[in-house]
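Peer 1: Got a structure for you, written out below as structure tokens; questions coming shortly.
The values are calculated or read from the model by the stated rules, or taken from the named source; none is laboratory data. What you see is a predicted model; the values in this text were computed from it and never measured. In this analysis, Cβ positions are derived from the backbone assuming ideal geometry, glycine residues included, and neighbour counts consider all displayed protein chains. Only protein heavy atoms, including side chains, enter the accessible area calculation; ligands, DNA and RNA are left aside. Shrake-Rupley method; radii C 1.70, N 1.55, O 1.52, S 1.80 Å.
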Amino acid sequence: MLQAILLGIVAFIAQSEYALGTSLLSRPIVTGLFTGIVLGDINTGIIMGATLELAFIGSFSVGASIPPDVVTGGILGTAFAITAGAGTETALLLGLPIATLTLILKNVYLGLLIPMMNQKADLYAADGNYKGVERMHLLAGFGLSLMLALVVTISFMVGSNTISKLLAMIPAFVQNGLSVATGLIPALGFAMLARLLINKQVAPYFFLGFALAAYLEIPVTGIAIFGAITAVVVVNLRNIRGQGQSIQMTSGEVLDDDEDF
């Protein structure tokens, strides 16, 4: 009972990013550590957290895309694997479906309750009541944290066997659909972000990075280094060009003053 409550507190703090801002406390590599501390097996918690981090490494909210919930998946996947004395494969087997199922509850909260609080915040803003706006923001953020904390606490109290049976009751076509949707969500999010960001000025750099990865097989780290160097060079060239234009304008003003004299 105590361990279930402590895991719920870990989930509450990890999910508090919606209220307090992004801190990456929600990542499995962090929650795995604290789950190991709660269950008395720090070494296994770190190992399983790192393994789940690799599985969820692309799970970030991009644009309007909401990925599977890494908080519940990371905490419960690690907790159930530690209590069962199983390996990292069990953490992955339980973590991914749990995260996907929790996403359904999360979408209901974000799609139904958050808009209601936003409308209330708009009314407070129209009245100039900034404390009311702040209250709605914190209520919406911590409300989601509380919901996920309850999911983690109740699920751990119920036990991994019951959760596994519940997941087994889901039809295969639904699980396949969830798996496909989970794979498409990051691509959809990046596509929406690219639609907002890509223009004639930055498009060549995008395709340059694609060409480096596809044809020269340069790893992402190498492309990031090339990108950083290119950004520094471009900024320096623009600064030099701007200084040159400033000198020309200053020289022109001096000549005009001489002619007037």
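Peer 1: All but one of (1) surrounded by fewer than 19 Cβ atoms within 10 Å (Cβ to Cβ); (2) modelled with pLDDT of 80 or more hold for residue 104, so report the exception by its number.
Peer 2: For residue 104, the exception is condition (2).
Peer 1: Let me ask something else. If I ask for residues that are of a type in the set (Asp, Glu) and either out of contact with any helix residue (DSSP H, G or I) (no Cβ under 7 Å at 6 or more places or on another chain) or at pLDDT 85 or above (or both), which ones from the stretch 1-51 would you list? Even if it seems obvious, please write down each step before you answer.
Peer 2: If we filter the stretch 1-51 for residues that are of a type in the set (Asp, Glu), which is where we start, we get 17, 41.
Once the filter is applied, which keeps residues that are of a type in the set (Asp, Glu) and either out of contact with any helix residue (DSSP H, G or I) (no Cβ under 7 Å at 6 or more places or on another chain) or at pLDDT 85 or above (or both), the stretch 1-51 yields only 17.
Peer 1: Let me ask you something else. Does residue 246 fit the bill of being touching a Leu at 6+ places or on another chain (Cβ under 9 Å), surrounded by 10 or more Cβ atoms within 10 Å (Cβ to Cβ), among the small types (Gly, Ala, Ser) and modelled with pLDDT of 60 or more? Don't jump to the end; show me each part of the working.
Peer 2: Working: touching a Leu at 6+ places or on another chain (Cβ under 9 Å): no; surrounded by 10 or more Cβ atoms within 10 Å (Cβ to Cβ): yes; among the small types (Gly, Ala, Ser): yes; modelled with pLDDT of 60 or more: yes.
Criteria not met by residue 246.
Peer 1: Can you name every residue in the stretch 121-161 that is among the small types (Gly, Ala, Ser), more than 15 Å from residue 105 (Cα to Cα) and part of a helix (DSSP H, G or I)?
Peer 2: In the first step, residues of the stretch 121-161 are kept if they are among the small types (Gly, Ala, Ser); the result is 121, 125-126, 128, 132, 140-141, 143, 145, 149, 155, 159-160.
Next, from what is left, pick out any that are more than 15 Å from residue 105 (Cα to Cα): 121, 125-126, 128, 132, 159-160.
Matches in the stretch 121-161: 121, 125, 126, 132, 160.
Peer 1: If a residue has to be crowded, with 22+ Cβ neighbours inside 10 Å and farther than 16 Å from residue 85 by Cβ to count, how many in the stretch 39-50 make the cut? Let's see the steps before the verdict.
Peer 2: Of all residues in the stretch 39-50, those crowded, with 22+ Cβ neighbours inside 10 Å come to 45, 48-49.
If we keep only those that are farther than 16 Å from residue 85 by Cβ too, we end up with 49.
Going through the stretch 39-50 one residue at a time, the tally reaches 1.
Peer 1: Determine whether residue 164 is open to solvent by less than 100 Å² (accessible area, probe 1.4 Å), modelled with pLDDT under 80, in a helix (DSSP H, G or I) and farther than 30 Å from residue 104 by Cα. Break it down stepwise before answering.
Peer 2: Details: open to solvent by less than 100 Å² (accessible area, probe 1.4 Å): yes; modelled with pLDDT under 80: yes; in a helix (DSSP H, G or I): yes; farther than 30 Å from residue 104 by Cα: no.
So residue 164 fails the test.
Peer 1: Which residue pairs have Cβ atoms under 6 Å apart, sit 6 or more places apart or on different chains, and have a first residue in the stretch 120-137 that is on the phi < 0 side of the Ramachandran plot and free of Cβ contacts under 8 Å to residues at least 12 places away in the same chain and a second that is open to solvent by less than 60 Å² (accessible area, probe 1.4 Å) and not polar (S, T, N, Q)?
Peer 2: 125/133
Peer 1: Filter the stretch 1-60 down to the residues that are in contact with a Pro (Cβ under 8 Å, 6 or more places away or on another chain) and in a loop (DSSP other than H, G, I, E, B) and list them by number.
Peer 2: Selection gives 56, 58, 59, 60.
Peer 1: Here is a follow-up. Keeping to the stretch 183-227, report how many residues are assigned to a helix (DSSP H, G or I) and at pLDDT 80 or above. Step through it out loud before you land on a result.
Peer 2: In the first step, residues of the stretch 183-227 are kept if they are assigned to a helix (DSSP H, G or I); the result is 183-197, 203-214, 220-227.
Retained after the next criterion (residues that are at pLDDT 80 or above): 203-214, 220-227.
Looking only at that region, the number is 20.
Peer 1: The conditions are (1) over 18 Å from the mean Cα position of the chain (by Cα); (2) open to solvent by less than 50 Å² (accessible area, probe 1.4 Å); (3) at pLDDT 75 or above, and residue 72 fails exactly one of them. Which is it?
Peer 2: It is condition (1) that residue 72 fails.
Peer 1: Another one. Give the number of residues within the stretch 1-14 that are closer than 20 Å to residue 51 by Cα and touching a Phe, Trp or Tyr at 6+ places or on another chain (Cβ under 9 Å).
Peer 2: Within the stretch 1-14, the first condition is being closer than 20 Å to residue 51 by Cα, and the residues that meet it are 7, 10-11, 14.
Next, from what is left, pick out any that are touching a Phe, Trp or Tyr at 6+ places or on another chain (Cβ under 9 Å): 7, 10, 14.
Of the residues in that region, 3 qualify.
Peer 1: Turning to a different aspect of this structure: Kindly indicate whether residue 81 is modelled with pLDDT of 70 or more, closer than 18 Å to residue 152 by Cβ and of a type in the set (A, V, I, L, M). Break it down into steps so the answer makes sense when it comes.
Peer 2: Values: modelled with pLDDT of 70 or more: yes; closer than 18 Å to residue 152 by Cβ: yes; of a type in the set (A, V, I, L, M): yes.
Spelling it out, residue 81 is indeed modelled with pLDDT of 70 or more, closer than 18 Å to residue 152 by Cβ and of a type in the set (A, V, I, L, M).
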